[in-house]
Amino acid sequence: MKLIKDKVAKLSFVALLVTVTAAMFYAPTASAHGEKSQAAFMRMRTIHWFDLNWSKDTVAVNDTMTISGKFHVFAGWPETVDKPEISFLNIGIPGPVFIRQGSWIGGQLVPRSVTLELGETYEFKVLLKARRPGDWHVHTMMNVKGGGPIIGPGKWVTVTGTMGSFTNPVTTLLGDTINLETYNLSNTYFWHAFWYGLGLVWVGYWARKPIFVPRHIAMEAGKADSLITAGDRKVALGFAVGTIAIVAFGMSSTNAAYPVTTPLQAGLLRGMKPIELPARTVNVKVEDATYRVPGRAMQMTLTITNNGDSAVRLGEFNTAGVRFLDPKVHTDETGYPDDLLAEEGLSVSDNSPIAPGTSRTVQVTASDAAWEVYRLADLIYDPDSRFAGLLFFFDEAGNRQMVMVDAPLIPTFI
Amino acid sequence: MSASQSAVRSRAEAVKVSRTFDWLILFTLFFVVLGGYHIHYMLTGGDWDFWTDWKDRRLWVTVAPIVSITFPAAVQACLWWRYRLPFGAVVCILGLLLGEWINRYMNFWGWTYFPVNFCFPSNLMPGAIVLDVVLMLTNSMTITAVIGGMAYGLLFYPGNWPIMAPLHVPVEYNGMMMTLADLQGYHYVRTGTPEYIRMVEKGTLRTFGKDVAPVSAFFSAFVSILIYFLWHFFGKWFAGTGFVQSS
C-alpha cells in the first residue's frame, strides 16, 4: 500500500513539474476581446460599422493614430436589447494600451454619453495615442446602456517603443502643464503611507504587550477594567485628537494649495448630427433567406427595384463587420482586416446592371469561412432568428448607395 | 504526559508560548480580515473605490463609509468584548488597504496598465482610529455607534481631500470643461466601464447648491451609525462560543 502511495505521490509531482514547465515554454497571450462570443444578432442587428479606416498599422509610443468611419443604427433594433438612448462611443482595446485623446460623432466631441436615433447613420472618429508597446487588436465599440458593449471590427496595430517614455501632458485652466501619467502620485503615496504608518503605530502600541491569552484570562476573571490603564487612555485620546487635527490641517492646507477645484463632470449629449444621405433610389425586398450550415453560405432571394436614373449593380453585403464583395463590381482598397473581408464572397445570379425603372429578382449568396470563424452562423440559435445587413449598390459613375436589409433566416442542414 | 498536564513547565515558557500564540493569531486575523473585507468592499464599494472619476462629492462620500464600517464594527465586537483590545477597526483597515494596494498595483497597474494615480484606494484610516478610540474610552457599543460611527462617516471626505483635490483642478479640453479626474477616465480606456455607468451626482440634493459634500457626509454618518449596530451584533454573535460543545 505504501509503495502505491509513494508511486502516486512521485507521479503527481512529475506531472506537476511537467505542467509548470509546459506553461513556462508555451503561454500564449490572450489577445481577443470576446468579439466572436457576442451573440450574432447583437452584431448583425444593432450597430453597423462601415467605411472604417485605421490610419496606421504601426505606431510608436507617444504617436497618434485615428480610427474613423461611419456607423448605421439599425432601425429594426432587437427588442431584447435596450434602445441606444444612452450610448457611449468607446474603443475595444486590452486596457489602456492607447489613450483616447479624442472621440467625435458628427464632428461633436463625445467624452460623455450620447443619444442615438434608430435608422440614422453617423460619422465618427477616435484619436488614439500609443502608450504600451505590443500587438493590439483595436476595435470600434459602442456601449449601450441596457445592451452592453457592442463590439465592431478590429484590426491589429503594432505599437513600438517603450512605455517608460510615454508622457501625457495636460494644461489645466490655471495654466499649469502636468503629466497626467504620474501627476499627484507622490502626494497619493505620501498620504497613504502616513495614515498606514499611524495605523501600524496604533496596533503596535497594543501589540507590544501580551495580547490574547492573558487578556482573555483577565476578562474571564472579571478583571476587564485592569486591562486599560490611565496611560492607555491618554495615548488613545492623543491619537483621536491628533487624527482630527491632522485631517483638519490636511483639508485646510489642501484648500489653500488648490483654491480652484470643480466637481466631476457627467452628462448626456443629445442631438448628435447624423449624416444626410442622398434620397434612396434603390429598393430591395427580401423574398426569403436561408443559411446553409454545411456550406457556410447565406442565400437571399432579393427583388431589387431601381428607381434612379442610372443603372446599378450589387457590390457588397456587410453584416457584423464582415464584408462580402463581388470583385467584378467592387474591391477593397482601404486595408480592411483580412479575416473580416471576403473579397470574392458575394455572388449574384445575375449581376448585370439593373436599368433605371426596372426590377429584378436575383439569388444572392454570401459565402465565406467568416460565417463560422466569427460565429455568425450561431444566429440560427438566437431567440429571434433574423439577419440584417447593409447592401451597397454602385452605379455606372461609381456612386454608392446603401440599403438596409432585415428578414427572417431559415437554416438548412443538408 | 497526560492530557490534563500543562504543556509548559515554567512561567517564562508560558509567556513565550503566549507571545507566539499572539503573533499567530494576529497574523491569521490580519489575513483573514484582509481577504474577507477586501472581497466585501470590492463587491459593495466597487467602482467608487477603483477610479478617481467615480470619487465624487455625493455618492462616493455616501457609499464608501457605509459599506466599509461593516468589518471594523464586527471585529471590534470580537476584540473588545473578549480581550479589551481597541484596535479592531484599525487592524481591519490595515488589512483592507494592504489588499487594495496589492490589487491596484499588481492588477490594475501591473497587469492592465492603469496608472496608479487613477486607481488608488480611498483612505479610511482616520475614521478607523477615531472609532477604536471612542470604543476604548467609552466602553459602550451605543456611544461608539453614535459618536464613532458618525465620526467615521464625517472624517471620510476631509481625510481623502488632500489626495483628491489635485485631481479636481479643471481643464479645458476641446471646448469642454472637465476635471483632471474626468480626463483620466476619458483617456485611460475602460471597455467595460462606459461613461454612462459612472454614478456621479445622481439624485436630488440640488437645494444645497454646490455645498453638497457636507450633507452627503452627514447622511453617510447617520447610516454608518445604523450599519455599525448591525455589524457589531454580527461580530458579537460570530465571536461567541455558544455553538462549541462544552468539555
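The values are calculated or read from the model by the stated rules, or taken from the named source; none is laboratory data. This structure is a prediction, so every number in the text was calculated from the model and none was measured. Neighbour counts run over all protein chains shown; Cβ positions are idealised from the backbone, glycine included.
Which members of segment B:131-172 meet the condition of being facing another protein chain (nearest Cβ under 7 Å) and not in a helix (DSSP H, G or I)?
Correct list: B:169, B:170, B:171, B:172.
For segment A:187-235, name all the residues that are of a type outside the set (A, V, I, L, M, F, W, C), at the interface with chain B (Cβ under 7 Å from one of its Cβ atoms) and not in a loop (DSSP other than H, G, I, E, B).
Listed by number, the residues that qualify are A:187, A:188, A:192, A:196, A:199, A:214, A:215, A:216, A:233.
For segment A:195-210, which residues satisfy the criterion of being of a type in the set (A, V, I, L, M, F, W, C) and buried (at least 22 other Cβ atoms within 10 Å of the Cβ)?
A:195, A:202, A:206
What number of residues within segment A:287-301 satisfy the criterion of being of a type in the set (A, V, I, L, M, F, W, C) and either surrounded by fewer than 16 Cβ atoms within 10 Å (Cβ to Cβ) or within 15 Å of residue A:402 (Cα to Cα) (or both)? Reasoning before the result, please.
Our first condition is that a residue be of a type in the set (A, V, I, L, M, F, W, C); within segment A:287-301, this holds for A:289, A:293, A:297-298, A:300.
Still in the running and either surrounded by fewer than 16 Cβ atoms within 10 Å (Cβ to Cβ) or within 15 Å of residue A:402 (Cα to Cα) (or both): A:293.
Qualifying residue count for the region: 1.
Within segment A:233-261, which residues are farther than 20 Å from residue B:157 by Cβ and in contact (Cβ under 8 Å) with a residue 24 or more places away in the chain?
A:235, A:239
Could you please let me know if residue A:272 is surrounded by 12 or more Cβ atoms within 10 Å (Cβ to Cβ), touching a residue at least 60 places away in the same chain (Cβ under 8 Å) and of a type outside the set (Val, Ile, Thr)?
So residue A:272 passes the test.
Report those helices (runs of 4 or more DSSP H) wholly inside segment B:1-76 carrying at least 1 residues which are over 24 Å from residue B:214 (Cβ atoms).
Per the criteria, B:11-44, B:47-50.
Scan segment A:79-113 residue by residue and report those that are within 9 Å of chain B (Cβ to nearest Cβ), part of a strand (DSSP E or B) and β-branched (Val, Ile, Thr).
A:91, A:99, listed by residue number.
Has segment B:203-211 got at least one residue that is in contact (Cβ under 8 Å) with a residue 12 or more places away in the chain and surrounded by 21 or more Cβ atoms within 10 Å (Cβ to Cβ)? Step through it out loud before you land on a result.
So the first thing to find is which residues in segment B:203-211 are in contact (Cβ under 8 Å) with a residue 12 or more places away in the chain, and the list is B:203, B:205.
Now restrict to residues that are surrounded by 21 or more Cβ atoms within 10 Å (Cβ to Cβ): none.
For segment B:203-211, residues in contact (Cβ under 8 Å) with a residue 12 or more places away in the chain and surrounded by 21 or more Cβ atoms within 10 Å (Cβ to Cβ): absent.
Which of the residues that make up segment A:144-164 are assigned to a strand (DSSP E or B) and either in the same structural domain as residue A:376 (by TED's automatic domain parsing) or charged (D, E, K, R) (or both)?
Of everything in segment A:144-164, just one residue is assigned to a strand (DSSP E or B) and either in the same structural domain as residue A:376 (by TED's automatic domain parsing) or charged (D, E, K, R) (or both), namely A:155.
Could you tell me whether any residue of segment A:247-265 is more than 14 Å from chain B (Cβ to nearest Cβ) and touching a Pro at 6+ places or on another chain (Cβ under 9 Å)?
Within segment A:247-265, none of the residues are more than 14 Å from chain B (Cβ to nearest Cβ) and touching a Pro at 6+ places or on another chain (Cβ under 9 Å).
Report the residue count in segment A:165-186 for those that are facing another protein chain (nearest Cβ under 7 Å) and in a helix (DSSP H, G or I).
1
Would a scan of segment A:149-170 turn up a residue that is touching a Ser or Thr at 6+ places or on another chain (Cβ under 9 Å), over 30 Å from residue A:79 (Cβ atoms) and free of Cβ contacts under 8 Å to residues at least 40 places away in the same chain?
The answer is yes; a qualifying residue exists.
Mind listing whichever residues of segment A:65-89 are closer than 22 Å to residue A:38 by Cα, among the polar types (S, T, N, Q) and modelled with pLDDT of 95 or more?
Within segment A:65-89, just A:87 meets the criteria.
With farther than 30 Å from residue B:185 by Cβ and outside the structural domain of residue A:392 (by TED's automatic domain parsing) as the only criterion, which of A:275, A:211 stands out? Break it down into steps so the answer makes sense when it comes.
Values: A:275 fails: farther than 30 Å from residue B:185 by Cβ.
Just one listed residue meets the conditions, A:211.
Answer yes or no: is there a residue in segment A:165-173 that is touching a Gly at 6+ places or on another chain (Cβ under 6 Å) and in the same structural domain as residue A:100 (by TED's automatic domain parsing).
First, the residues of segment A:165-173 that are touching a Gly at 6+ places or on another chain (Cβ under 6 Å): none.
No.
Conditions tested, residue by residue: (1) farther than 21 Å from residue A:188 by Cβ; (2) charged (D, E, K, R); (3) more than 12 Å from every other protein chain (Cβ to nearest Cβ).
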| position | (1), (2), (3) |
| --- | --- |
| B:19 | yes, yes, no |
| B:22 | yes, yes, no |
| B:28 | yes, no, no |
| B:52 | no, no, no |
| B:91 | yes, no, no |
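Of the residues B:117, B:123, which single one is facing another protein chain (nearest Cβ under 7 Å) and part of a loop (DSSP other than H, G, I, E, B)? Don't jump to the end; show me each part of the working.
Values: B:117 fails: part of a loop (DSSP other than H, G, I, E, B).
Just a single option satisfies the conditions, and that option is B:123.
Which condition does residue B:111 not pass, out of (1) part of a loop (DSSP other than H, G, I, E, B); (2) of a type in the set (A, V, I, L, M, F, W, C); (3) under 20 Å from residue B:144 (Cα atoms), if it passes all the others?
(3)
Any residue that is over 20 Å from residue A:48 (Cα atoms), in contact (Cβ under 8 Å) with a residue 40 or more places away in the chain and charged (D, E, K, R) - is there at least one of those in segment A:312-322?
Among the residues of segment A:312-322, at least one is over 20 Å from residue A:48 (Cα atoms), in contact (Cβ under 8 Å) with a residue 40 or more places away in the chain and charged (D, E, K, R), which makes the answer yes.
Only one of A:350, A:332, A:326, A:338 is free of Cβ contacts under 8 Å to residues at least 40 places away in the same chain and closer than 20 Å to residue A:121 by Cβ. Can you tell me which?
That would be A:332, the only listed residue that is free of Cβ contacts under 8 Å to residues at least 40 places away in the same chain and closer than 20 Å to residue A:121 by Cβ.
Does segment B:62-73 include one or more residues that are within 14 Å of chain A (Cβ to nearest Cβ) and either surrounded by fewer than 24 Cβ atoms within 10 Å (Cβ to Cβ) or closer than 22 Å to residue B:183 by Cβ (or both)?
Checking segment B:62-73: not a single residue is within 14 Å of chain A (Cβ to nearest Cβ) and either surrounded by fewer than 24 Cβ atoms within 10 Å (Cβ to Cβ) or closer than 22 Å to residue B:183 by Cβ (or both).
In this structure, is residue B:167 under 24 Å from the mean Cα position of the chain (by Cα), within 30 Å of residue A:92 (Cβ to Cβ) and surrounded by 24 or more Cβ atoms within 10 Å (Cβ to Cβ)?
It is true that residue B:167 is under 24 Å from the mean Cα position of the chain (by Cα), within 30 Å of residue A:92 (Cβ to Cβ) and surrounded by 24 or more Cβ atoms within 10 Å (Cβ to Cβ).
Which of (1) more than 30 Å from residue B:202 (Cα to Cα); (2) touching a Phe, Trp or Tyr at 6+ places or on another chain (Cβ under 6 Å); (3) at pLDDT 90 or above does residue A:274 not meet, given it meets every other one?
(1)
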